[in-house]
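So the structure is just underneath, and the comments pick up after that.
The values are calculated or read from the model by the stated rules, or taken from the named source; none is laboratory data. Everything numeric in this text was worked out from a predicted model, so none of it was measured. With ideal geometry, Cβ positions are generated from the backbone for all residues, glycine too; neighbour counts draw on all protein chains shown. For the accessible areas, the whole protein counts, side chains as well, though only heavy atoms, and no ligand, DNA or RNA atoms are used. Shrake-Rupley method; radii C 1.70, N 1.55, O 1.52, S 1.80 Å.
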Amino acid sequence: MRSERDARGWSQAEAVRALRAKSSQNLPTDSTLLRNWRRWESGESRPDDFYAPLIAAAFDTVAAAFFPKARPSRDDELLTATGMDTLEFMGRLRMSDVSTATLDAVRITAERLCRDYASTDAHQLHREASGWLRRIAALLDSRLTLAQHKEVLELAGWVALLLGCLEYDLGRRGGAEATRRAARSLGMESGNTEIIGWSSELAAWFALTQGNNRGVIQAVDSVPPECADSGVGVQLAAQRAKAWARLGDRSAVDAALAQGRMLLDRLGHPEDLENHFVVDPQKFDFYAMDCCRVVGDDIRAERFARAVLADSTTLDGTVRNPMRVAEAHLTLAMVAARGRDLELAVSEGRQAFESKRRSLPSLLCIGGEVGRELMAHFPDDPQTQEYLDELRAVSGT
């Protein structure tokens, strides 16, 4: 309660007012609620079944997530999340501190969290993933076999990688870097080269959106050789291509993209296309789109952007991946600006700012590139200023 309140910058009195706003019933006076709140935060008492849902609602979550059950009942949560048979689950659980069923349930949940990355509200997913990381870490206090210990470390590593992505999306640069390093440590401790590789991919992404293109290449080059033939190798090749595009080396861009495509062909079609840490063939169009836009290959950039939009939108118009869609609209905005079509450029650019699910650093990086293009061709036009004003509003400045 204290950490969530601090994160919002609320005083205890403000938190009490937020609690009262969530209740449709008459509550005690503010002074009484404030005394209760202080006891709850200090741990002197625990909110009962009446107040727990109100407190959770004040923090935009639910009681089951905000007030998890005590550790002896942790497996009840796993049971609820995965729908496993109660008798089978409990029977296996009695065989050891942590059963195969328990780890299966945690694995299912970790994979589901990674699948939710593309479209779920970042704040909501961050809260849920943080809670599950604490639960996974708690498993390390149990009696584990060596194989189980390794698996728990790996599961923690994947969830930590997800949290690092979410923190960076939310603009929490320092926290994202700390979480990325923690994920790398978990990968090294468990011996999982994929986790190590993805931690370097995050470093490359961070550097790219901060304009440190040489840092991107350095991060990619730091990856162990055994990662080169895995899925993360495709993503690393893409980040290298993006950096070389911004450094103006067209031949290096083509070489990096060719390396990524060759690896994709060898890996075959992945089973879980929704998992953020799985690279699918359609995603490579997204990488190529960025590179073509930056080097000025407008015809191919537009073709890739339209392919990304088509792949990211269902037949009924539902957007499956709003962050890819945003970058596709910015690519079309850049192409329109270079073609001196200001109205279309601004229209496409502003569409990129509409979605609530966004990666703030990536959006500002590419949105800024479009803004500079508009300023180069239409510096005095009011529509250019409107676009820049909206970009500043997105950045919070």
For the chain, what are the DSSP H helices with axial Cα length of 27 Å or more and mean Kyte-Doolittle hydropathy of at least 0.0?
-> 146-169
Rounded to whole Å², per residue accessible area for the stretch 293-397 with a 1.4 Å probe reads 48
If you keep only loop residues by DSSP, which trypsin sites (Lys or Arg not before Pro) in the stretch 316-365 have at most 11 other Cβ atoms within 10 Å of their Cβ?
-> ARG340, LYS356
Using the beta-carbon distance between ALA307 and ASP380 and R0 = 35 Å, what value does 1/(1 + (r/R0)^6) give for FRET efficiency, to the nearest 0.05?
-> 0.50
Where only alpha carbons of the chain are counted, the Rg and the Dmax (Å) = 23.7, 74
Counting pairs on different chains as well as pairs 8 or more places apart, how many Lys pairs in the chain have Cα atoms under 30 Å apart?
-> 6
Could you look at the chain and say what percent of its accessible area is carbon and sulfur, using a 1.4 Å probe and all protein chains?
-> 51
Quick one: compute a quarter of the convex hull surface over the Cα atoms of the stretch 1-65 and quote it in nm².
-> 4.1
What GluC sites (Glu not before Pro) in the stretch 173-271 are in a loop by DSSP, with at most 14 other Cβ atoms within 10 Å of the Cβ?
-> GLU271
Could you please report the charge total around ARG107, scoring K, R as +1 and D, E as -1 over all other residues with beta-carbon less than 10 angstrom from its beta-carbon?
-> -3
